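Since the structure comes first, as structure tokens, the remarks are kept for the end.
The values are calculated or read from the model by the stated rules, or taken from the named source; none is laboratory data. Here the structure is a predicted model, which means the values were calculated and not measured. When we count neighbours, we look across all protein chains shown, and the Cβ atoms used for this are built from the backbone with ideal geometry, even at glycine. Side chains included, ligands, DNA and RNA excluded: accessible areas come from the protein's heavy atoms. Shrake-Rupley method; radii C 1.70, N 1.55, O 1.52, S 1.80 Å.
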Amino acid sequence: MSDPVNHPAHYTQGAIECIDAIRAALTPEEFRGFCKGNAIKYIWREQHKGGAESLMKAQWYMEKLLILEINDGNA
């Protein structure tokens with residue numbers, strides 16, 4: 001079942017989600033920047049595209065950042 005915020009079907013190919021491939025390809029600092037940039041993007045556009053779903057996506061990326069911070073980059 002597709003979850004457009006937590007596990008969008010269009011971001012999964014086979015057994016790996018795009019976010020996991022991106023994380024594997026980036027340094028921890030680059031991945032933090034990726035998450036931060038995506039959170040900003042979804043907040044920026046929420047009134048013009050996506051509404052509440054965009055805010056939920058921003059929250060998803062902020063939660064990733066928080067986990068990274070709490071676990072010192074090991075989430």
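In deg cm²/dmol and to the nearest 500, what is the mean residue ellipticity at 222 nm of the chain if only DSSP H runs of at least 4 residues count, each as -39500 (n - 2.57), divided by the residue total?
After summing the helix terms and dividing by residue count, I get -19500 deg cm²/dmol.
In nm, give the distance between the simple-model label positions of LEU66 and ARG32, each being 7 Å from the Cα along the Cα-to-Cβ direction.
Rounded to a tenth, the inter-label distance reads 1.7 nm.
Excluding residues fewer than 8 places away in the same chain, name every one of the lysines whose C-alpha is closer than 17 Å to that of LYS64.
LYS36, LYS41
As an exercise, take the mean of 1/r over every pair of distinct alpha carbons in the chain, invert it, and state the Kirkwood radius in angstroms. Could you put the intermediate results ahead of the total?
Numbers: mean 1/r = 0.0771 Å⁻¹.
Averaging 1/r across every pair of different Cα atoms and inverting gives 13.0 Å.
Beta carbons within 10 angstrom, averaged per residue: use that to sort the peptides 26-38, 57-69, highest first. Before the final figure, lay out the partial values.
On the way: 26-38: 14.5, 57-69: 16.5.
Ranking the peptides 26-38, 57-69 by packing returns 57-69, 26-38.
Just the number please: accessible area per residue for the chain, 1.4 Å probe, all protein chains included, in Å².
On the way: 5410 Å² over 75 residues.
Averaged over the residues of the chain, the accessible area is 72 Å².
By how many nm would the segment from ALA21 to TRP44 lengthen if fully extended, with 0.36 nm per residue of separation less the alpha-carbon distance? It would help to have the intermediate numbers written out before the result.
On the way: separation 23, 0.36 × 23 = 8.28 nm, distance 2.51 nm.
My answer for the length gained is 5.8 nm.
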